[in-house]
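First up is the structure itself, then whatever we jot down about it.
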Amino acid sequence: MTITQQDVELSELARGFLSREVHYLFIDGERVPAVSGNTLSTSAPSTGEVLARFSSGDSSDVDLAVAAARRAFKGEWSTWTPYQRQALLIRVAQVLDERFEELAQIEALDMGSPISRVRNSKQGLMRMLSFFAAQALSISGETLTNGIPGNVSTMTLKAPVGVIGGIIPWNGPLNSQFWIIGAVLASGCTTVLKPAQYASLSVLRVAEILHEAGVPAGVLNVVTGRGSEAGTALAAHTDVDRVAFTGSTETGQKIIEASTSNIKKLQLELGGKSADIICADANLDKAVPAAAMGVFANSGQVCYAGTRVLVQRSVVDQFTERLLEYMTTLRVGHSLDSAATLGPVISESQLDTVLSYVDVGVSEGAELLYGGERLGAGGGYYMQPTVFGSVTNQMRIAREEIFGPVLSIIPFDDIEDAIEIANDSDFGLGGAVWSENLSTALRVVQGVHTGTMWVNCYGYIDPLVGFSGTKLSGYGAKGTAAHMDTYLYTKSVYIQL
Ligand code: NAP
Ligand code: MG
C-alpha cells in the first residue's frame, strides 16, 4: 500500500488565511493576541510539517472572552427577536455554503481528514443550520393549571441560560462546533469556544466569517490554547453558565469536577466502543463496506466508530474474506488527495498509541489479518487500516477506545449472545445490527444499551432525530428539541390576578 499525493490546489482564500504569521484569539469581534503573547503550532498530519502558529490562551484570555460574552449576552443581542435570530442563522448558512470549500481545505490540512469526506459533510452542516433556524422559532413554555386557592394564573417561561463554554475535540471541528454555535444563535446565549490544539484553525476561521456575516461582537468568541490551561479555565469559570463538551471520557470526568465551582449543567459527548452486529442473514454486499467504513472513516477517529464488529459464527469466514477483499480498495493518502478514502491520523503520538494497540492485540492472541503498520517513511502520520480476527470481548483492543483505524472481529453464537457482548462495555454511544429479519433487528435494538442504534446502515446523524450517549459515553442530547435544554432554563411563573 502506498500513500497517494495531494492533487487539490489550495484556494486563494485558504492560502491567504494559512499564510498569517500567528492566528490570534477571537474575542469581542476582534482578533487579539494572547495576553501572555505565547503561541503554539499546529501541524498538517499529511506531512508532519508545521502548518500554522496560533495564540496559546490561558485563564487571563478566558476571563476576557467570558467577560465579552457576558456583556454581549446582556446587551443588544438580548433584544433580538426569534425572527431576527432565525434570519441570522439563515444568513450564516448562506455564507458557509459560499465559503465551504475554503473551510474544508483548512480543515483537511489541519486535521488530516480526506477532503472528499469534509466536502461530503457539507449537506449535514446545512441540515444542522436549518434545524437550529427552526429551533429559534420553537422556544416556548406552557400555561399550567394549578391548585392554588383564588385567581392565580401559572405558566413556565424558557429563557437563555447565558454564557456557554464549548470545548471541542480535534476529530471534526468544522462541523462539531455548529452543535454549539447553532444552539447559541437559536437560543440567544453567547459562547466561548475552546477548540483542540491539534485542530483549531477551522474554528478560528468560522468565527471571523460569522462575525462578517452579522453575528454580533461577543456572541461568539474563540480562545485557542492547551486543554490544561484554556480548557480548565473555561470549565471552572464561575461566570460560565453551562459547558458543552465533546471529547474523551477522562477529560469529561475532569469537566464534571470543574463544574462544581458554580454547579454548571453539562452536555457531554464522550468516547465509545460501539458494536456493529452482523447476523447470519445480513446482506453482506451492504454490511461489509458499511462495517469497514464504520471503523475506517476519518481513520477511525470517530467517537461512534463501530470498532467491535460482532459477526455470527456461521458467517465469520465469509464476512472476513469479503472484508479483506474490500480492504484492498481503500486508498490512504494526503488529505488533499481528492480520491483518498483515508487520511493520516492526527499526530505522531496518536499514531504511536494506535501502533501500541496493535502490539497489545497480537500479544493477547488476536489474529492480525490485515495492516498493523505505519505507512510511509515518516513525515505524515499514516497508518495501515488494520483488521484483527478471533478477538474476544475481554481483550483490551475490544474494551478500550483506540481512536485509530483498527477493526476487531468478534464472533458470536446467537442474538442473545451478541446482545450480551455488545453490552459488556463501559461505553454506550453507537451501535448497529445487520439482519434481513425485522424481528431479529428489533430484538437487538431493544437489547443493546446504547444512545444510538442503526439498522442495516451505519453512522447517519440528523439533528431532527438526535444522537447521544449513555454510560461512560456521556449524557445530554445532541439534536431534537432536547438539544436546546442545555441552552435554556425554565422559569415557573405565578401571577395573582
Ligand atoms: P480530549 O483530550 O478529551 O480533548 C477534548 C478537548 O478538551 C480538547 O479541546 C482539549 O484541549 C480539551 N481538554 C483537555 N483537557 C482538558 C481539561 N482538563 N479541561 C478542559 N478541557 C480540556 O479528547 P480528544 O483526544 O481531543 O478527542 C478524542 C476523544 O473525543 C475520543 O475519546 C472520542 O471518542 C471523543 N469524541 C466524542 C465525540 C462524541 O460526539 N461523543 C465526538 C468526537 C470525539 P487540547 O486537546 O487542546 O489539549
Ligand atoms: Mg493540525
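Just so you know, all these numbers are worked out from the coordinates, no wet-lab data involved. All values derive from a computational prediction rather than experimental measurement. Backbone-built Cβ (ideal geometry, glycine too); neighbour counts: all protein chains shown.
Of note:
- Ascending count of other beta-carbon atoms within 10 Å, so fewest first, for Lys194, Lys286: Lys286, Lys194
- When its C-alpha radius of gyration is set against 2.2 N^0.38 Å (N residues), segment 95-253 gives a value of 1.21.
- Over segment 275-462, Cα pairs under 8 Å with separation of 6+ residues give a relative contact order of 28 percent.
- Within the straight-line cut-off of under 28 Å between alpha carbons, the lysines reachable from Lys471 are Lys194, Lys254, Lys264, Lys265, Lys273, sequence neighbours fewer than 8 places apart in one chain being disregarded.
- Exposure proxy ranking, count of Cβ atoms within 10 Å, fewest first, for Thr486, Thr4, Thr328, Thr307: Thr328, Thr4, Thr486, Thr307
- Straight-line cross-link partners of Lys122 among the lysines, defined as a Cα under 21 Å from its Cα and at least 8 positions apart when in the same chain: Lys478.
- Dipole of segment 275-462, positive end: most advanced residue of Ala292, Phe388, Val311 [Cβ charges, Cα centre]: Ala292
- Helical content alone sets the calculated 222 nm signal of the chain at -11500 deg cm²/dmol, taking -39,500 (n - 2.57) per DSSP H segment of four or more residues and averaging over every residue.
- Largest-first principal axis extents of the Cα set of segment 155-198 (Å): 46, 16, 12
- Three-way shape call for segment 239-375 based on the alpha-carbon gyration tensor, with the a/c threshold at 1.5: prolate
- Cβ-based exposure ranking for Met126, Met111, in which fewest neighbours within 10 Å come first: Met126, Met111
- Percentage relative contact order, segment 48-178, counting C-alpha pairs under 8 Å, at least six apart: 27 percent
- Each DSSP beta bridge with both residues in segment 275-462 is either parallel or antiparallel, and the antiparallel ones are about 20%.
- Positive-end residue of Thr470, Leu442, Tyr458, charge dipole of segment 419-484 with Cβ unit charges: Thr470
- Average silhouette area of the chain, convex hull of alpha-carbon atoms, in square nanometres: 24.3 nm²
- The residues neighbouring Ser36, those whose beta-carbon lies less than 10 Å from its own, together hold a net charge of -3 under the Lys/Arg +1, Asp/Glu -1 convention.
- Summary of packing: across the peptides 146-152, 294-300, the per-residue average of other C-beta atoms within 10 Å ranks them, highest first, as 294-300, 146-152.
- Charge dipole of segment 275-462 (Cα centre as origin; +1 on each Lys and Arg Cβ, -1 on each Asp and Glu Cβ, all else neutral): 380 debye, rounded to the nearest 20.
- Nearest-20 debye value, the chain charge dipole, Cβ charges on Lys, Arg, Asp, Glu: 1480 debye
- Taking the Kirkwood radius as Rh and the Cα radius of gyration as Rg, segment 203-250 has a ratio of Rg/Rh equal to 1.02.
- Debye intensity ratio in log₁₀ form over the Cα atoms of segment 306-380, taken at each q of 0.11, 0.16, 0.18 Å⁻¹: -0.38, -0.78, -0.96
- Annotation: the antiparallel percentage among DSSP beta bridges lying fully within the chain is about 45.
- Each principal axis of segment 275-462 carries a Cα extent, and these read 50, 35, 30 Å when sorted largest first.
- Relative contact order [Cα under 8 Å, 6+ residues apart], segment 122-249, whole percent: 28 percent
- Among complete DSSP H helices in the chain, those whose alpha-carbon atoms stretch at least 20 Å along the helix's long axis and whose mean Kyte-Doolittle hydropathy reaches 1.0 are 173-187.
- Restricting segment 50-126 to chymotrypsin sites (Phe, Trp or Tyr not before Pro) in coil, as DSSP defines it, with at most 13 other Cβ within 10 Å: none
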